[in-house]
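Taking it in order: structure first as structure tokens, then the write-up.
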Amino acid sequence: MVTKIVVATHKDYNIPKEDLYLPVFVGSALSKVDLPFQRDDEGNNISDRNRTFCELTGLYWAYKNLKADKIGLCHYRRYFDLKNIDLEKENIILPKKRHYYIETVYDQFGHAHGYEGLNTVRQIIASDYPDYLESFDACMMRRSLHIYNMFIMKYELFIKYCDFLFPILFKAEEKLGEVDRLYGYLAERLLDVFLENNKYSYIETKVIETEKTDWIRKIGTFLKRKYFGGQG
């Protein structure tokens, strides 16, 4: 069984050498430099939308151009802890949820990025995917979320997820235009909706960070967003 985990990166980095990992140079169509990795502007791609879709340009490249028994996505500085995971057995692997103890997923997004994006996505789901609307509303009212757009999925589920995700994001883009990183952030909120609506089971594992998190800055940004309406 072949598993390929796309490692989204925009810079030269010490990517793990195992065959499991496929480093993909995201936003390569917009870059003046070249990296020794698979480019995301080859084949069917949306590489030139990296500023607004973030790591999803690498995900889209895999969706349209990569075939394996299982496909995943991680980041050049974030990886799954797989030491106790049976990759052949598990159909869906996710990072452990992040908990928003004092606000819902919906309000956390609104404070961080404005409410228009999620409201637009809800309208699109109500129109085009009405069977998903109840799951969307339920997930938005919760206080925990699988973040980072990280997952490993059986190939058939991966394709089904992308078939759900990208049409919604493209239609949202038509309505909202180019907004830095917006569609990457929106996608984070749609993964749980997809899983819940289809009643898919999954396992969670911790994320290994290769760089230290600046918690003082993150906490300061959170407080600014929540109490002063900033989006920095």
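The values are calculated or read from the model by the stated rules, or taken from the named source; none is laboratory data. From a predicted model like this one, the values you see are computed outputs, not experimental measurements. Here Cβ is always computed from backbone atoms with ideal geometry, including for glycine, and neighbour counts include all displayed protein chains.
Tabulated results
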{"read-out": "Of residues in region 78-97 being basic (Lys, Arg) and either loosely packed, with under 15 Cβ neighbours inside 10 Å or in contact with a His (Cβ under 7 Å, 6 or more places away or on another chain) (or both), the one farthest from residue 26 (Cα to Cα)", "value": "89"}
{"read-out": "Checklist (1) more than 19 Å from residue 155 (Cα to Cα); (2) in contact with a Phe, Trp or Tyr (Cβ under 8 Å, 6 or more places away or on another chain); (3) basic (Lys, Arg) applied to residue 67, failing item", "value": "(1)"}
{"read-out": "Criterion (touching an Asp or Glu at 6+ places or on another chain (Cβ under 9 Å), more than 20 Å from residue 161 (Cβ to Cβ) and in a loop (DSSP other than H, G, I, E, B)) met by exactly one of 34, 41, 48, 86", "value": "41"}
{"read-out": "Out of 184, 117, sole residue that is within 29 Å of residue 66 (Cα to Cα) and touching a helix residue (DSSP H, G or I) at 6+ places or on another chain (Cβ under 9 Å)", "value": "184"}
{"read-out": "Filter result for residue 79 (closer than 13 Å to residue 205 by Cα and not in a loop (DSSP other than H, G, I, E, B))", "value": "yes"}
{"read-out": "Residue within region 22-36 that is acidic (Asp, Glu), at pLDDT 95 or above and over 23 Å from residue 174 (Cβ atoms) present", "value": "no"}
{"read-out": "The listed residue being within 18 Å of residue 195 (Cβ to Cβ) and not charged (D, E, K, R), out of 94, 66", "value": "94"}
{"read-out": "Condition check for residue 16: over 19 Å from residue 150 (Cβ atoms), touching a residue at least 24 places away in the same chain (Cβ under 8 Å), out of contact with any Ser or Thr (no Cβ under 6 Å at 6 or more places or on another chain) and surrounded by fewer than 17 Cβ atoms within 10 Å (Cβ to Cβ)", "value": "no"}
{"read-out": "Among the residues listed as 98, 51, the single one being without any contact (Cβ under 8 Å) to a residue 60 or more places away in the chain and not hydroxyl-bearing (Ser, Thr, Tyr)", "value": "98"}
